[in-house]
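Coordinate-derived values only; no laboratory data. A quick note: this is a predicted structure, and the numbers were derived from the prediction, not measured. With ideal geometry, Cβ positions are generated from the backbone for all residues, glycine too; neighbour counts draw on all protein chains shown.
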Amino acid sequence: MEFKTVVFYVLAAVMVFAALRVITARNPVHAALFLVLAFFNAGGIWLILQAEFLAIMLVMVYVGAVMVLFLFVVMMLDINVDRLREGFWGYLPVGAVVGAVMLAEMVLVLSGPYFGLDNMPEPPMAGAGYSNTRALGRILYTDYVYPFELASLVLLVAMIAAVALTLRKRKGTKYVNPSDQIAVKRADRVEVLAMSAEKE
């Protein structure tokens, strides 16, 4: 067995363990940290597959930005974990059925003629001027341009929906109209009072 295969199996095993701990950990902070571990192992698998750009983007975007945001939100909110886990075991049969179906689909796809490990040729070595970022961009914006634009529209709709759902007017909030501040005149703000001097 080659060293690359051993590294792949180690990274895959750690990633599966971390993914299982994400959904079984009782502490939300520990679950987020296990998700960070899963992302790091996924980045290592991308490096083995010679996709350095995807590995760096996965670590920088998800671990460096999204997971830090998750950790701040989880640590700042007062989450009642016991209340969240009240109906956890009630959904276990449905989750097990869905997981079994997904596992069967993955086994059927990976054991097919296109993804079989026996039929998979060794990837060709890249030349001196090869850039996988350029190749990824060329494929993404030529062959898969319509799915890419559709995914961007879905993300845009999700972002607008998140803003619309969280935007609510509160009764105790003080609001200042900037146009009223700009249109104000000196006479409206300054008032000179004529007062007589005090006598002893």
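Go through the stretch 1-110 and name the GluC sites (Glu not before Pro) that are in a DSSP coil and have 11 or fewer other Cβ atoms within 10 Å of their Cβ. The partial results should precede the final answer.
Details: sites: GLU2, GLU52, GLU86, GLU105; in loops: GLU2, GLU86.
Passing both the DSSP loop test and the Cβ count: GLU2, GLU86.
If we sort 65-76, 151-162 on the protection proxy, mean other Cβ atoms within 10 Å, highest first, what's the order?
65-76, 151-162
Helix 3-24 versus the longest principal axis of the chain: what is the Cα-based angle in degrees, 0 to 90, to the nearest 10?
50
FRET efficiency for SER111 and THR133, Cβ-Cβ distance as r, R0 = 35 Å, nearest 0.05?
0.65
For helix 28-48, what angle does its Cα long axis make with the longest principal axis of the chain, in degrees from 0 to 90 and rounded to 10?
50
Just to confirm the number: angle between the C-alpha axis of helix 92-110 and the first principal axis of the chain, 0 to 90 degrees, nearest 10?
50
Set the Förster radius R0 to 45 Å, insert the Cβ-Cβ distance between LEU71 and VAL192 as r into 1/(1 + (r/R0)^6), and round the FRET efficiency to 0.05. The partial results should precede the final answer.
Working: r = 56 Å, r/R0 = 1.25.
Once rounded, the FRET efficiency stands at 0.20.
Report the per residue volume, in Å³, of the convex hull enclosing the C-alpha atoms of the chain. Spell out each step's value before the answer.
Numbers: hull volume 67.9 nm³, N = 200.
Taking the convex hull of the Cα positions in the chain, it is 340 Å³ per residue.
So how do 39-46, 131-138 stack up, highest first, on mean other-Cβ count within 10 Å?
Ranked by mean Cβ neighbours within 10 Å, highest first: 39-46, 131-138.
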